Amino acid sequence: MYKTQMKFQRFVCYLAVISGVILFLYALGLMTDLYDSLYSAMRSPNNPHSTKVEGSWIYYDMQPFNKALLYLSIGVIILTAFLFLTQTHARRKYYAGNLLCTGLFTAAAAGVCVYTHINADNFKAQYLTTVDFEALLEYAAKKKYYYTDSTFWFDSHYAVCAILLAAAVLLLINYIWKKRLMREEDSLLCAGKKEAVL
């Protein structure tokens with residue numbers, strides 16, 4: 001039973017790292033379509049509302065969120081590094097450090113997912129309601145620039161958050177499983193000691 005659990009905990013720790021990297025890549029790619037299609041329509045970075053396409057200022061409105069998400073993704077990756085520093089992926093018995101790292105990662109994953117979901121959904125609504133896509137299409141055709149009305153990057157946050165939350169939930173399941181096995185092992189050792197005394 002311990003061998004299966006040890007393989008599972010290793011898998012979960014690597015999944016946590018992968019989920020952090022995916023979040024980081026998502027943060028890097030989030031503004032891609034907006035930059036390619038909307039940035040050139042704005043006349044001046046100092047005055048985003050001076051634009052040839054109504055609503056294109058969403059590119060600037062999203063900058064604080066995108067920057068925060070990038071920093072949060074780096075924080076998540078650092079937390080996954082602590083999982084390995086405390087040997088959460090390989091340790092036969094877990095201690096306070098393993099519980100702390102598991103708890104911190106789970107809390108961070110939940111917090112980041114809530115923050116990402118709220119902002120991505122709000123900005124998606126702003127994108128769909130404020131951008132003048134007819135003017136954007138006309139401008140893109142005239143200047144031979146990239147045009148898209150896709151919400152792919154806004155919608156992708158569901159998959160990114162699902163992977164991150166899956167890693168957090170599996171880490172918790174792993175911790176509960178590990179503690180149960182440790183209790184069973186301790187009770188067997190106690191029973192063995194009592195028999196040896198008798």
Complete set of residues in the range 42-56 that are crowded, with 16+ Cβ neighbours inside 10 Å, touching a residue at least 60 places away in the same chain (Cβ under 8 Å) and not basic (Lys, Arg): Val53, Gly55, Ser56
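Within the range 139-198, can you find the residues that are part of a helix (DSSP H, G or I), aliphatic (A, V, I, L, M), more than 28 Å from Leu99 (Cα to Cα) and modelled with pLDDT under 90? Give the steps one after another, and end with the answer.
Residues of the range 139-198 that are part of a helix (DSSP H, G or I), as a first pass: 139-143, 152-155, 157-197.
Narrowing the set further to residues that are aliphatic (A, V, I, L, M) leaves 140-141, 159-160, 162-173, 176, 181-182, 188-189, 191, 196-197.
From what's left, more than 28 Å from Leu99 (Cα to Cα): 140-141, 196-197.
If the condition is that a residue be part of a helix (DSSP H, G or I), aliphatic (A, V, I, L, M), more than 28 Å from Leu99 (Cα to Cα) and modelled with pLDDT under 90, then Ala196, Val197 are the ones that fit.
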Some residue of the range 39-46 being polar (S, T, N, Q), assigned to a loop (DSSP other than H, G, I, E, B) and touching a strand residue (DSSP E or B) at 6+ places or on another chain (Cβ under 7 Å): no
Pair list, Cβ under 6 Å, 6 or more apart: the range 84-106 residue touching a residue at least 60 places away in the same chain (Cβ under 8 Å), other residue surrounded by 15 or more Cβ atoms within 10 Å (Cβ to Cβ) and in a loop (DSSP other than H, G, I, E, B): Asn98/Thr86; Asn98/Thr88
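Residue check: is Leu136 touching a Phe, Trp or Tyr at 6+ places or on another chain (Cβ under 9 Å) and touching a residue at least 40 places away in the same chain (Cβ under 8 Å)?
Values: touching a Phe, Trp or Tyr at 6+ places or on another chain (Cβ under 9 Å): yes; touching a residue at least 40 places away in the same chain (Cβ under 8 Å): yes.
Against the criterion (touching a Phe, Trp or Tyr at 6+ places or on another chain (Cβ under 9 Å) and touching a residue at least 40 places away in the same chain (Cβ under 8 Å)), Leu136 qualifies.
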Test set (1) touching a helix residue (DSSP H, G or I) at 6+ places or on another chain (Cβ under 8 Å); (2) part of a helix (DSSP H, G or I) - Gly97 fails condition number: (1)
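Among the candidates Val12, Val53, Val76, Val17, which residue alone is over 18 Å from Ala120 (Cα atoms), in contact with a helix residue (DSSP H, G or I) (Cβ under 7 Å, 6 or more places away or on another chain), β-branched (Val, Ile, Thr) and not in a helix (DSSP H, G or I)?
Details: Val12 fails: not in a helix (DSSP H, G or I); Val76 fails: not in a helix (DSSP H, G or I); Val17 fails: not in a helix (DSSP H, G or I).
Matching residue, one of Val12, Val53, Val76, Val17: Val53.
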Any hit, the range 59-70, residues being surrounded by 16 or more Cβ atoms within 10 Å (Cβ to Cβ), of a type in the set (S, T, N, Q) and in contact (Cβ under 8 Å) with a residue 40 or more places away in the chain: no
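The values are calculated or read from the model by the stated rules, or taken from the named source; none is laboratory data. Remember, it's a predicted structure, so these values are computed and weren't measured experimentally. When we count neighbours, we look across all protein chains shown, and the Cβ atoms used for this are built from the backbone with ideal geometry, even at glycine.
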